[in-house]
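Where a number appears in this text, it was derived from the coordinates with a stated rule and is not lab data. Worth saying up front: this structure is predicted, and the values here are computed from it rather than measured. Virtual Cβ from ideal backbone geometry, glycine too; neighbours counted across all protein chains shown.
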Amino acid sequence: MHRFYIGDESLIDDLLTIKNRELLWQWNKVLRFRAQDKLVLFNGNLIDYAYQIVEISPKHALLKQRGKQKNCSVKSKNLLILVAAKAGQ
């Protein structure tokens, strides 16, 4: 199932309308999604939301939420970056 980052969209609603032109172009032209196709959306809160397409057009897509689950594949990591300069610079 395809997984897409949606950003600040509220994913808790039962019905969701997507109007992002770039995303809709990918869904319509590249992936050729149709009504009844399923996909996963996430917005960075470590929860994946399963949706089913109710209707899709080049201008909008109407999605119905089918469930959600915690995404355990993303693990928190600490990153330490050290910068050094050459002597005499």
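Overview of values
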quantity	calculated
Unmet requirement for Asp8, which otherwise passes all of (1) farther than 17 Å from His60 by Cβ; (2) touching a Phe, Trp or Tyr at 6+ places or on another chain (Cβ under 6 Å)	(2)
Meets criteria (within 12 Å of Gln65 (Cβ to Cβ) and in contact with an Asp or Glu (Cβ under 9 Å, 6 or more places away or on another chain)) for Leu31	no
In the stretch 13-62, the residues that are among the acidic types (Asp, Glu), surrounded by 14 or more Cβ atoms within 10 Å (Cβ to Cβ) and more than 12 Å from the chain's Cα centre (by Cα)	Asp37
Hits in the stretch 3-27 - residues which are of a type in the set (Asp, Glu) and either in contact with a strand residue (DSSP E or B) (Cβ under 9 Å, 6 or more places away or on another chain) or touching a residue at least 12 places away in the same chain (Cβ under 8 Å) (or both)	Asp8, Glu9, Asp13, Asp14
